[in-house]
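A.B. asks: Sharing a structure, written as structure tokens. Questions coming.
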Amino acid sequence: MALRTLVTRKTLRTLPLGFRGLQTFSLPDLPYDYGALEPAISGDIMQIHHQKHHQAYITNYNKALEQLDGAIAKGDASTVVKLQSAIKFNGGGHVNHSIFWKNLAPIREGGGEPPKGSLGWAIDNHFGFIDALIQKMNAEGAALQGSGWVWLGVDKELKRLVVETTANQVNSVVSPINGPLIQVLLLNVEPVLLLEDIGFQNLTAQCGVCFTLEYIGDPLVTKGPSLVPLLGIDVWEHAYYLQYKNVRPDYLKNIWKVINWKYASEVFEKECP
Amino acid sequence: MNLLSCSSNHCPLSSKVLASTSPPSKILKSSVRVRNLGWGERRDNMRNNRRVSKVVAYYGLKSPPYRLDALEPYMSQRTLEVHWGAHHRGYVEALNKQLAKNDILYGCTMDELIRVTYNNGNPLPEFNNAAQVWNHDFFWESMQPGGGEMPTLGILQQIEKDFASFANFKEKFIEAALTSFGSGWVWLVLKREKKCLAIVKTSNAVNPLVWNDIPIISLDLWEHAYYLDYKNDRAKYVNTFMNHLVSWNAAAARMARAQAFVNLGEPKIPVA
């Protein structure tokens with residue numbers, strides 16, 4: 001299984017917490033300065049977004065994982081189930097934001113440059129021209145109620161680009177997944193990210209819960225197990241409020257100036273060679 | 001939630017129109033012809049009454065019951081200006097625009113509109129705007145300059161009855177606010193059926209009216225409510241709300257009104 005091959009490539013770190021080798025996550029560094037994305041996104045926002053929000057997700061994620069580890073060791077099934085929403089929310093927040101930092105690049109490092117190569121071709125094929133894609137994503141992002149993300153992803157099986165939103169909904173999107181959500185997350189996030197952050201090797205064998213998927217900071221994979229994120233735009237208010245206040249459409253218009261299409265192309269080429 | 005309980009004479013949806021399971025728009029359009037054309041007539045019959053001016057104002061933006069700088073330093077004037085002046089106003093205008101396109105929703109009070117557009121969990125597009133307009137009206141009135149402190153008399157008694165103590169209630173309320181994921185609201189409601197106070201978390205625009213409960217206090221947990229003042233420090237915002245902003249006067253008034261609808265028990269009248 002793909003998961004096991006990924007696992008064996010990396011040795012477990014030393015000094016594990018508990019005999020299962022639970023690894024904690026840490027805040028990844030940004031590949032650019034906080035102020036490097038001005039004027040599209042202000043340095044203040046980048047700093048708070050990275051150091052406060054993303055860090056909070058990671059801290060709470062680690063806490064939830066530790067609690068999960070303890071509950072599994074004790075065989076406390078009801079606690080295991082209760083922790084799932086905290087894990088999904090905070091883990092999802094961590095996954096999403098890690099992708100998000102890679103999706104942005106300063107203008108002088110290629111931010112905003114339209115994609116060339118196979119991704120550019122696929123976009124033209126599917127959407128007509130890149131502006132149509134941008135308009136679609138902006139429309140979906142602006143229409144999204146509450147907090148969430150708007151994604152450009154590729155469906156691995158159908159070899160097709162999709163624009164999706166993961167967001168708060170009054171009705172939850174119900175879609176049982178057989179096997180742990182964690183497993184699904186790991187299988188569908190870019191392998192580089194996985195190897196650094198993997199911490200679940202042995203836990204996956206124990207978890208076996210089906211549960212419903214809901215709302216917010218959900219990773220793209222919750223909309224379909226074969227969806228791989230290429231680009232994600234955070235439309236939670238914390239991502240733009242200090243600069244754009246309630247005018248989310250302006251934020252969406254300007255963020256394209258610093259979008260890192262190179263990263264999206266790399267992921268696309270890996271998934272659909 | 002029974003939609004048939006809407007009982008206004010003017011709201012066309014209080015008839016059995018929405019009891020069927022067909023998609024709302026189809027039903028509503030066909031029902032226009034059969035209903036009694038009352039005061040909506042002038043708006044509907046464009047063919048006959050072109051000279052009559054069309055009524056286009058639906059809901060207006062209500063100001064908070066205090067000046068925009070009155071909640072300083074706990075909630076800055078800037079926040080009020082953007083939150084009320086831009087967000088709340090935006091919801092009102094968006095709602096009016098939607099209502100202009102949909103005659104069938106004309107004539108409902110705000111409460112009815114919310115219940116009807118919630119559509120038992122499958123909300124119509126107007127729900128978000130209608131509910132947010134109501135929610136924000138309610139929220140401004142849930143705060144006052146010099147707020148916080150303790151409730152008194154009746155509402156304090158009810159809190160102590162349902163939560164053991166005010167301190168416990170405060171703790172539970174703050175906990176609910178901090179464990180709420182994403183955008184939403186936290187409410188202190190009076191549950192109609194259970195006849196007790198409870199703390200309820202809702203997401204996005206949902207409010208307890210859709211479950212026919214009576215809200216007493218609300219707290220806006222959308223990031224726009226606190227971001228300019230507290231950035232990501234939601235805990236500080238929630239604590240400040242409880243200590244300095246919440247209006248127990250408003251809560252007491254709402255509680256008194258709620259008791260007209262919910263029987264909370266016999267009063268202790270001393271026997272002569």
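A.B. asks: Filter segment A:140-163 for residues that are of a type in the set (A, V, I, L, M, F, W, C), assigned to a strand (DSSP E or B), more than 14 Å from chain B (Cβ to nearest Cβ) and over 10 Å from A:Val228 (Cα atoms) and give the result. Steps first, answer last, please.
C.D. replies: Quick first cut of segment A:140-163, residues of a type in the set (A, V, I, L, M, F, W, C) only: A:142-144, A:149-152, A:154, A:158, A:161-163.
Now drop any that are not assigned to a strand (DSSP E or B), which leaves A:149-152, A:154, A:161-163.
The next check asks that each one be more than 14 Å from chain B (Cβ to nearest Cβ); those that pass are A:150-152, A:154, A:161-163.
A:Val150, A:Val163 - these are the residues of segment A:140-163 that are of a type in the set (A, V, I, L, M, F, W, C), assigned to a strand (DSSP E or B), more than 14 Å from chain B (Cβ to nearest Cβ) and over 10 Å from A:Val228 (Cα atoms).
A.B. asks: Are there helices (runs of 4 or more DSSP H) fully within segment A:216-271 with at least 2 residues that are surrounded by fewer than 23 Cβ atoms within 10 Å (Cβ to Cβ) and within 14 Å of chain B (Cβ to nearest Cβ)? List them. Please lay out each step first, then the result.
C.D. replies: On the way: elements: A:241-244, A:248-255, A:261-271.
The helices (runs of 4 or more DSSP H) meeting that bar are A:241-244, A:248-255.
A.B. asks: Given the options A:Val154, A:Val163, A:Val174, name the one that is modelled with pLDDT under 85 and either buried (at least 20 other Cβ atoms within 10 Å of the Cβ) or hydrophobic (A, V, I, L, M, F, W, C) (or both). Full working, then the answer.
C.D. replies: On the way: A:Val154 fails: modelled with pLDDT under 85; A:Val163 fails: modelled with pLDDT under 85.
It is A:Val174.
Every residue, every condition in (1) buried (at least 17 other Cβ atoms within 10 Å of the Cβ); (2) of a type in the set (Gly, Ala, Ser); (3) within 14 Å of chain B (Cβ to nearest Cβ), yes or no:
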position	(1), (2), (3)
A:His53	yes, no, yes
A:Asn62	yes, no, no
A:Lys82	no, no, yes
A:Asn103	yes, no, no
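A.B. asks: Residues of segment A:28-51 being in a loop (DSSP other than H, G, I, E, B) and more than 14 Å from every other protein chain (Cβ to nearest Cβ), which ones?
C.D. replies: A:Pro28, A:Asp29, A:Leu30, A:Pro31, A:Tyr32, A:Asp33, A:Glu38, A:Pro39, A:Ala40, A:Ile41
A.B. asks: Also, I was wondering about something else. Taking segment B:176-203 on its own, how many of its residues are charged (D, E, K, R) and within 14 Å of chain A (Cβ to nearest Cβ)?
C.D. replies: Step one: of segment B:176-203, the residues charged (D, E, K, R) are B:191-195, B:201.
When the remaining residues are screened for being within 14 Å of chain A (Cβ to nearest Cβ), the result is B:201.
Total meeting the criteria: 1.
A.B. asks: Out of the residues in segment B:212-224 meeting the condition of being within 13 Å of chain A (Cβ to nearest Cβ) and touching a residue at least 40 places away in the same chain (Cβ under 8 Å), tell me which one is farthest from A:Trp236 (Cα to Cα).
C.D. replies: Of all residues in segment B:212-224, those within 13 Å of chain A (Cβ to nearest Cβ) come to B:220-224.
Now drop any that are not touching a residue at least 40 places away in the same chain (Cβ under 8 Å), which leaves B:220-221, B:223-224.
Details: B:Asp220: 15, B:Leu221: 12, B:Glu223: 8, B:His224: 10 Å.
This residue is B:Asp220.
A.B. asks: Look at B:Leu113 and say whether it is in a helix (DSSP H, G or I), aliphatic (A, V, I, L, M) and surrounded by fewer than 20 Cβ atoms within 10 Å (Cβ to Cβ). Can you show your working first?
C.D. replies: On the way: in a helix (DSSP H, G or I): yes; aliphatic (A, V, I, L, M): yes; surrounded by fewer than 20 Cβ atoms within 10 Å (Cβ to Cβ): no.
Considered against the rule, which asks whether it is in a helix (DSSP H, G or I), aliphatic (A, V, I, L, M) and surrounded by fewer than 20 Cβ atoms within 10 Å (Cβ to Cβ), B:Leu113 comes out as no.
A.B. asks: From the list B:Leu99, B:Leu124, which one is within 14 Å of chain A (Cβ to nearest Cβ), touching a residue at least 40 places away in the same chain (Cβ under 8 Å), of a type in the set (A, V, I, L, M) and farther than 24 Å from B:Leu228 by Cα?
C.D. replies: Working: B:Leu99 fails: within 14 Å of chain A (Cβ to nearest Cβ).
Just a single option satisfies the conditions, and that option is B:Leu124.
A.B. asks: Then there is this: Does A:Asn90 satisfy the criteria of being within 13 Å of chain B (Cβ to nearest Cβ) and either crowded, with 17+ Cβ neighbours inside 10 Å or charged (D, E, K, R) (or both)? Can you show your working first?
C.D. replies: Values: within 13 Å of chain B (Cβ to nearest Cβ): yes; either crowded, with 17+ Cβ neighbours inside 10 Å or charged (D, E, K, R) (or both): yes.
Criteria met by A:Asn90.
A.B. asks: Would you check if B:Ala167 is assigned to a helix (DSSP H, G or I), crowded, with 22+ Cβ neighbours inside 10 Å and more than 14 Å from every other protein chain (Cβ to nearest Cβ)? Spell out how you get there, then give the answer.
C.D. replies: Values: assigned to a helix (DSSP H, G or I): yes; crowded, with 22+ Cβ neighbours inside 10 Å: no; more than 14 Å from every other protein chain (Cβ to nearest Cβ): yes.
Here the answer is no, as B:Ala167 does not meet what is asked.
A.B. asks: Go through segment B:51-72 and count every residue that is modelled with pLDDT of 90 or more and polar (S, T, N, Q).
C.D. replies: Residues in segment B:51-72 being modelled with pLDDT of 90 or more and polar (S, T, N, Q): 1 in total.
The values are calculated or read from the model by the stated rules, or taken from the named source; none is laboratory data. Since we're looking at a predicted model, the values are computed, not measured. Note that we place each Cβ from the backbone using ideal geometry, even for glycine, and neighbour counts take in every protein chain shown.
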